[in-house]
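Shown next, in structure tokens, is the structure this report addresses.
The values are calculated or read from the model by the stated rules, or taken from the named source; none is laboratory data. Quantities reported herein were computed from a predicted structural model and do not represent experimental measurements. Ideal geometry is used to build each Cβ from the backbone, glycine not excepted, and the neighbour counts take in all protein chains shown. Side chains included, ligands, DNA and RNA excluded: accessible areas come from the protein's heavy atoms. Shrake-Rupley method; radii C 1.70, N 1.55, O 1.52, S 1.80 Å.
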Amino acid sequence: MPIEAALIKPVVDALLALFRQGSDIQLKRNAEAALREAIRELLMANPDENRAEARIAIARAAGILSEDIVLAEDMLKKHRATKSRTAGKSATGRKRKPAAAAADVPAKPAPARKRAVAKAPAKATGATTKGDAAAKPAARSSSRDKPATPETPPAPGKPARPTPKG
């Protein structure tokens, strides 16, 4: 029996070493993928710095030491420096108004609409004038003014549109 136990231990140790090595390779692959995602995130127009920083930390914890990790950290540092320099500026480069000052200014009231002036009635000579309402048919202003049901019956073989309930 002691001979069999002595033979089993090295086999188990070898299997555990292979398993550990496989999990280390898997860990490094996942960390490299996270690092690629961090670089991709930092290349976006509005990157999420916290997400990129977390992915860089994953790669560091996995023991990856390559130029990619240095590149990602450098990109993150430069993005944060640019963000702090341009804080409070709009896209045109002009300084934005502080939010507190904008809230203190009362909103302007809407300008009053001009009221239509009633015209004098046209002469009863039978001729229409340029401004006479009877000369032009009324135009529809929007889709709300359209009737709910179609004016013409539907084509044969097509069902009629149901009327909206309201």
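In the range 1-43, which residues are open to solvent by 100 Å² or more (accessible area, probe 1.4 Å), within 29 Å of ALA87 (Cβ to Cβ) and not charged (D, E, K, R)?
LEU43
In the range 71-86, what residues are hydrophobic (A, V, I, L, M, F, W, C) and surrounded by 11 or more Cβ atoms within 10 Å (Cβ to Cβ)? Write out each step before concluding.
Taking the range 71-86 first, the residues hydrophobic (A, V, I, L, M, F, W, C) are 71-72, 75-76, 81.
Selection gives LEU71, ALA72, MET75, LEU76.
How many of the residues in the range 44-55 are assigned to a helix (DSSP H, G or I) and open to solvent by 100 Å² or more (accessible area, probe 1.4 Å)?
Here is the first cut: in the range 44-55, the residues assigned to a helix (DSSP H, G or I) are 49-55.
Then keep just the ones that are open to solvent by 100 Å² or more (accessible area, probe 1.4 Å); that gives 50-51.
The number of residues fulfilling the criteria is 2.
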